[in-house]
Amino acid sequence: MGLTRHREGNGAREFRGGIVALMGNPNVGKSTVFNALTGLSRHTGNWTGKTVDSAVGAMRGERGIGVCDLPGCYQLSPTSPEERIARDFILGGRADCFVVVCDASCLERNLNLVLQTLALTRRVVVCVNLIDEAAKRGVTVNGGELQKLLGVPIVLTNAAKGKGLNDLKKAIFDMLKGEKENEKGEITAERWDFVPTPQWAEAERITRACVERDSDPRGARQLKLDRFLTGKVTGRLMLPLLLAVVFFITMEGANRPSELLSRAFSAALSWLRTACSGALPPAVEEALFDGVLGTLATVVSVMLPPMAIFFPLFTLLEDLGFLPRIAFNSDHAFSRCGSCGKQALTCCMGFGCSAAGVVGCRIIESPRERMAAILTNPLIPCNGRFPALTALIGVMLAGALGAGGGVVGALVLTGLIFLAVGVMLLFTKLLSATVLRGKASHFVLELPPFRKPRIGRIVVRSMLDRTLFVLGRAAAVAAPAGLVIRLLMQSGAIGSIRAFLEPAGRLMGVDGATLLAFALAFPANELALPLLIGIYSGTAAGTAGLASVLALNGWTAKTAFCALILTLFHCPCAATLLTIRRETRSLRWTALSALVPISAGAVLCIAANGIWSLFA
Amino acid sequence: MEYELMRLCELPAHAAGVVEAVDECDMRERLEGLGLTPGAEVVRLFSAPCGEPTAYSVRGSVAALRRRDAAAVTVRVRIWD
């Protein structure tokens, strides 16, 4: 989900042993091969366009050799941005070896790209990946024959299992050691203008010679599953049901660990405080324990458990190949709002992190639709807002429900997510009817086969990535924010700020302190609730204390509901705004992207407050 | 055995056809990239709940197209009677 940082970019000339570029059709496992070669952990997922940027890493065991993972492309025409990146890499001689990764199950289409690449350079290794999956589908590739026909090294691999990777490495080393041909030298103007011709006839001929096809027992099952998931009734019910189940597991699973963490932290903090009592001046002690460490403890105990459960579940669905089906089913709704189903994919990424969702918008080809998708992406609650939603739902429903509370909570959350999606569609329609007017574009989406997810790997990776990321961000952002609140309190300024915000807060069904907490959470959305607790109580408390602290400050179910709406439509965090600025290259669009959720939040909060007051 | 020419979007459910031609349009390059070129076999698989888009199998993979975009492709379909 773009949360781990690698050195990104195309240059990386510091590798003396040479540069290896990985290219190939989308969703053939380039990133998996990349991870296997470098030992890095670039996020992989079973859908076309998962990787939209290029990453560079050093080869494991051979630090002098750089490996570059290029975005997927079907051919080398200079029209689409991804295809241009791959084409420029070859023409610019920016790599010493090109590994074209192919999907063994549909070699014919992959060979078109291989043949176009071979027309430009001979420094190619063809990596026929996913051979095990192909074998299960009754497809066998004859590597020796293929090598004879293409005249370049062929390696058969199953990168996810590590099969054939040693052969691939050996082929790459041989290619890098081999004499450098002249073609890496200057590029003449006419080569830059070169437009490769499709080579389908040749691809067909080679496929007939090298690929054996038996009956496909799994194909029928996959098709059945697809027909089920896209059926007239089942297709419509699939998404809400799925979300409700995921939310239920997350909410039920996060309660216990949250409580335990909160208790452990408060015990540790009070022990530490007694241990250092007298060693520090009182003002510093207060700022350190109540401000910095207290906020940090709340962020970790309230926010971490739901994130650590939701994220692996989501990654599981992604690995299965579920996301493209969601895009497929929702294309019609999006197209009526002047966009396309690929926006659904970017929303799914936005669930993880809005900044990642914004970067993911690169998969949308039409610039107009891409802009609309970027501007509306922060309307989808990201992982940073998600735990606050579950906590607030708990507060809202507290006491009102008994045993069935978990199910109702999950349903409420599902409803809220659909509200967010509805508002996003509305804004998309508004934008494409006003500032982003233009003709509707095309929609081409590949539906990859369902693949068995690698469960162990997913759990470890996404929990670890997620945990480290949240902890790092909490340390970097929560601590100073907690300190600011503490200083505001010590100086007495907080009272007047709260009083100033109070009328606006009341109008929106909350209070001045809530608005202040949400405003101060600008660096990271996950801070809003912990800071609010800090403002209310003077010290930060865990979840156990959350409901009681809020109740003490006059919160009712209505207040919690309005706070839920406010959490749902929250100003994008600083990191997201910076990403939007980078992607749109415009301050005005960035400002609009902040204005969209803020205005939606304000209007809906006032409306919710009014309607609730009418009926209550 | 007879053949009939039709637009890809008119292909009946579960039916197969062979691509005859792709119209000259701004969509053409994308369709060609997927392998929708003369001679390629296409099978209509399933449609989304709202009837659009529709998934087609072409050259070993599955691609979804909207009706309007699929109309740019002409297919040859074998008729039995």
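Quick note: the coordinates plus some simple rules give every number you see, no bench work behind them. Please read all numbers here as calculations on a predicted model, not as lab measurements. Cβ sites come from the backbone with ideal geometry, for glycine too, and all protein chains shown count toward neighbours.
Would you grab the residues whose amide H sits under 5 Å from the one on A:I65? Only those 5+ places off in sequence or on another chain, please, with H modelled 1.01 Å from N.
When sequence neighbours closer than 5 places are left aside, the close amide H contacts are A:G17, A:M59.
If you count, for every residue in B:30-42, the Cβ atoms of partner chains within 10 Å of its Cβ, what is the mean? Spell out each step's value before the answer.
Working: counts 9, 2, 6, 14, 7, 10, 2, 6, 2, 3, 4, 0, 0.
So the per-residue partner count for this stretch is 5.
Going by a ≥ b ≥ c, the root eigenvalues of the Cα gyration tensor, does the range B:2-79 fall in the rounded group (a/c under 1.5), the prolate group (a/b larger than b/c) or the oblate group?
Verdict is rounded for the range B:2-79.
Nearest 10 degrees, 0 to 90: what angle lies between the long axis of helix A:81-91 and the longest principal axis of chain A (Cα atoms)?
Long axis of A:81-91 versus the principal axis of chain A: about 50 degrees.
Can you tell me the Rg and Dmax of the range A:235-335, counting just the alpha carbons, in angstroms?
Calculated on Cα positions, Rg and Dmax stand at 21.2, 67 Å.
Suppose a student asked you for the relative contact order of chain B, using Cα pairs under 8 Å spaced at least 6 residues apart; what percent would you report?
Result for chain B is 45 percent.
Cα atoms only: what Rg and Dmax, in Å, come out for the protein assembly as shown?
So, for the protein assembly as shown, Rg and Dmax equal 27.5, 98 Å respectively.
For a quick check: with amide H placed at 1.01 Å from N, whose amide H comes under 5 Å from A:V124's, ignoring anything fewer than 5 positions away on the same chain?
A:F98
Please give the calculated 222 nm ellipticity per residue for chain A, where each DSSP H segment of at least 4 residues contributes -39500 (n - 2.57) and the sum is spread over every residue; nearest 500 deg cm²/dmol?
-19000 deg cm²/dmol
Output the pairs from A:K232/A:K452; A:K148/A:K170; A:K148/A:K177; A:K342/A:K429; A:K232/A:K439; A:K30/A:K232 with a Cα-Cα distance over 24 Å in this structure; if there are none, say none.
Over 24 Å apart, Cα to Cα: A:K232/A:K452; A:K232/A:K439; A:K30/A:K232.
What are the ³J(HN,Hα) values, in whole Hz, obtained from phi via the Karplus relation 6.51 cos²θ - 1.76 cosθ + 1.60 with θ = phi - 60°, for each residue of the range A:428-444 in sequence order, with x given for Gly and Pro?
These are the phi-based 3J(HN,Hα) values: 4, 5, 4, 5, 7, 8, 10, 6, 10, 6, x, 7, 5, 9, 9, 9, 10 Hz.
How large is ³J(HN,Hα), in whole Hz, for each residue of the range A:280-287 in order, when computed from phi with the Karplus curve 6.51 cos²θ - 1.76 cosθ + 1.60 and θ = phi - 60°, using x for Gly and Pro?
Result, rounded to whole Hz: 10, x, x, 5, 5, 4, 5, 4.
Taking the beta-carbon count within 10 Å as an exposure proxy, list A:D167, B:D23 from fewest neighbours to most. Provide the component values of the computation, followed by the final result.
Working: A:D167 17, B:D23 12.
The fewest-first ordering by Cβ neighbours comes to B:D23, A:D167.
Pairs of Cα atoms under 8 Å, at least six residues apart: use those to get the relative contact order of chain A, whole percent.
Rounded, it is 14 percent for chain A.
Using a 10 Å cut-off around each Cβ, can you sort A:L156, A:L425 from fewest to most neighbouring Cβ atoms?
Ascending Cβ contact count within 10 Å gives the list A:L425, A:L156.
Where does each of B:E29, A:E526 land when they are ranked from fewest to most other beta-carbon atoms within 10 angstrom?
Going from sparsest to densest Cβ surroundings: B:E29, A:E526.
Peptide A:234-245: average number of partner chain Cβ atoms within 10 Å per residue? Write down the numbers at each step before the final one.
Numbers: counts 1, 5, 3, 1, 1, 0, 0, 0, 0, 0, 0, 0.
Across A:234-245, the average partner-chain Cβ count within 10 Å equals 1.
What ³J(HN,Hα) values, in whole Hz, does the Karplus curve 6.51 cos²θ - 1.76 cosθ + 1.60 give for the range B:62-69 when θ = phi - 60°, with x put for Gly and Pro?
10, 10, 9, 10, 7, 4, 4, 6
So what's the gap between the Cα centers of the range A:281-324 and the range B:1-42, to the nearest angstrom?
51 Å
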